[in-house]
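> Okay, here's the structure, questions in a sec.
Values in this text are rule-based calculations from the coordinates and carry no lab data. Values in this document were obtained by computation on a predicted structure and should not be read as measured data. Backbone-built Cβ (ideal geometry, glycine too); neighbour counts: all protein chains shown.
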Amino acid sequence: MNKKYELIYEGKAKKVFSHDDPDKVIIEFKDDATAFNALKKDKFEGKGKLNCLISARIFELLKNNNIPTHFIKLKNENTMISQKIKIIPLEIVLRNKAYGSLCKQTTIESGTDLTKPLIDIYLKNDELNDPLITKDRIELMNIISSKDLELVIDLTLKINGILKSFFRNIQIQLVDFKLEFGYDDKNKIVLGDEISPDNCRLWDLNQKNDTIVSLDKDRFRNDLGGLIEAYSEINRRINDFI
Ligand code: TMP
Ligand code: ASP
């Protein structure tokens, strides 16, 4: 990145730089992959570019469906220009199917279709290992008002409807995903972060039997191999469809 842009924040998978316009930021997607709160780390050449391109396409799709997002435009293949937002320190997970931590922490069997989407909210705090949090604790900690929390939940449910049918069109089952929201310069809630195979579980529906084929970061979390091939397949199907 050009020296004139100041690094404002570095996360596990992205770097955020200043922009000439103080209301905007430049987000660079890294090739690094982490899992289990960075206990497991690796680098996959080309992952940053794939996540940036996939996220850009999905943000455009959401924008066309009246979902406010921070995305403005792509700068290049692994960098996007976004609105500068103040991130709400909550990770909003929506599950359509039981998998992952839900099955480790409850007696719900892996692969169970949920009759209605389940929303699990986590506190975005690496030191505390992103714990599951309740609405009452959110209120107690003064993170956001209950009205804004309802808005975030409502947006998450709408996003699920849009993404589920979009992915079904490209033969992908949207199992679950994680979103982050923030406040823009007008104090309006907008979707932030990224939407990519790093923070969604995407299962291939092009399978003759019941085998689960993960086209997402579970390939890294569960040592399945073929991460770049899986992300490239998602990118290819999106581009062929749009
Ligand atoms: P989980 O089953 O591990 O709770 O994950 C649910 C979804 O949230 C899955 O699509 C992966 C995503 N996720 C993130 O994007 N970041 C995280 O830190 C965690 C734990 C999950
Ligand atoms: N994002 C988390 C980490 O960096 C975990 C995950 O995605 O599974 O460790």
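> Just the Cα atoms of the stretch 70-157, one point each, no solvent: what log10 I(q)/I(0) does Debye give at q = 0.12, 0.13, 0.14, 0.25 Å⁻¹?
-0.51, -0.59, -0.68, -1.21
> How far is the Cα center of the stretch 70-130 from the Cα center of the stretch 150-198, in Å?
Here the two parts' Cα centres lie 9 Å apart.
> Related question: Using the Karplus equation 6.51 cos²θ - 1.76 cosθ + 1.60 (θ = phi - 60°), what ³J(HN,Hα) coupling, rounded to whole Hz, does each residue of the stretch 135-147 give in order, writing x for Gly and Pro?
Once rounded to whole Hz, the list reads 4, 5, 5, 4, 5, 4, 7, 6, 6, 8, 6, 5, 5.
> Another question, then. Cβ neighbours within 10 Å, averaged per peptide: list 192-199, 28-35 in order, most packed at the top.
Working: 192-199: 24.9, 28-35: 18.9.
Listed from highest to lowest mean packing, they are 192-199, 28-35.
> While we're looking at this one, here's another question. Projected onto the charge dipole of the stretch 113-242 (+1 at Lys/Arg Cβ, -1 at Asp/Glu Cβ, origin at the Cα centre), which of N125, F166, I138 gives the Cα projection farthest towards the positive end?
After comparing all options, I get F166.
> Another question, if that's okay. Give me the log10 of I(q) over I(0) for the stretch 137-242 at q = 0.12, 0.15, 0.20, 0.21 Å⁻¹, as the Debye formula computes it from C-alpha points; what are the numbers?
One equal scatterer on each Cα of the stretch 137-242 leads to -0.52, -0.73, -1.04, -1.10.
> Another one. For the ranges 76-89, 200-213, what's the packing order if you count other beta-carbon atoms within 10 Å of each residue, average per peptide, and put the highest first? Can you show the working numbers first?
Numbers: 76-89: 17.8, 200-213: 14.2.
Sorting 76-89, 200-213 by mean packing, highest first, produces 76-89, 200-213.
> For the stretch 191-242, what does the alpha-carbon gyration tensor say about shape, rounded, prolate or oblate, given a ≥ b ≥ c as the root eigenvalues, a/c under 1.5 as rounded, and a/b over b/c as prolate?
Oblate, because a/c is 1.5 or more while a/b does not exceed b/c.
> A follow-up question, please. Please state the Cα pair-distance histogram of the stretch 1-106 with 5 angstrom bins from zero: what percent is in each bin?
The calculated distribution, bin by bin, is 2, 10, 16, 20, 21, 16, 8, 3, 2, 0.
> With the radius of gyration and the Kirkwood radius both derived from the Cα set of the chain, what is their ratio Rg to Rh?
0.94
> What 222 nm value per residue comes from the helices of the chain, counting each DSSP H run with n ≥ 4 as -39,500 (n - 2.57) and dividing by all residues, nearest 500 deg cm²/dmol?
On the way: 6 runs with 72 residues, N = 242.
Computed ellipticity for the chain at 222 nm equals -9000 deg cm²/dmol.
> Shifting gears a bit: For the pairs K49/K135; K75/K147; K15/K208; K30/K147; K40/K75; K63/K104, note any where the Cα-Cα span goes beyond 32 Å. Mind showing how you got there, number by number?
On the way: K49/K135 36 Å; K75/K147 35 Å; K15/K208 40 Å; K30/K147 35 Å; K40/K75 30 Å; K63/K104 35 Å.
Checking Cα-Cα distances, K49/K135; K75/K147; K15/K208; K30/K147; K63/K104 exceed 32 Å.
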